[in-house]
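Values quoted throughout were computed directly from the atomic coordinates according to the rules given, and no laboratory measurement underlies them. Remember, predicted model here, so these are calculated numbers, not experimental data. Cβ coordinates were reconstructed from backbone atoms using ideal geometry, including for glycine residues, and neighbour counts include every protein chain displayed.
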């Protein structure tokens, strides 16, 4: 039993959107200096590979544009969430009282 190519395009599209979100988060963290820049490049390459493979076999259509727009929005959402993250609380004085 074989899997249809349309199903695989959908799976790759969802993975591309997810990888774009992670690329946005790691890009914001890399800009803050909390992560290495190579992690951002890794997620960006994964996202680009998935999004390119979605549009290789068929002519460009509404599904391709929808996936690209959703991945761009997902990248922006990941960047925005990581950039506005609350710093962790300093519980040193509660754990170790003076």
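The long axis of helix 37-54 is offset from the longest Cα principal axis of the chain by roughly 20 degrees.
Pairing the Cα long axis of helix 5-32 with the longest principal axis of the chain, what angle in degrees results, from 0 to 90 and rounded to the nearest 10? The angle comes out near 30 degrees. At full extension, residue 11 and residue 53 could sit 14.0 nm farther apart than now, given 0.36 nm per residue minus the alpha carbon distance. Convex hull volume per residue, computed on the Cα atoms of segment 5-95, equals 104 Å³. Build a GNM of the chain with springs between Cα atoms under 10 Å apart, and of 46, 25, 84 the one that fluctuates most is 84.
Computed from label points 7 Å out along Cα-Cβ, the spacing between residue 31 and residue 96 is 3.5 nm.
Take the alpha-carbon centre of segment 41-98, take the same for segment 9-38, and report the distance between them in whole Å. Measuring centre to centre over Cα atoms gives 4 Å. Ranked for footprinting exposure by Cβ neighbours inside 10 Å, fewest first, 95, 52, 67 give 95, 52, 67.
Here the simple spin-label model places points 7 Å from the Cα toward Cβ, and for residue 60 and residue 85 these points are separated by 3.4 nm.
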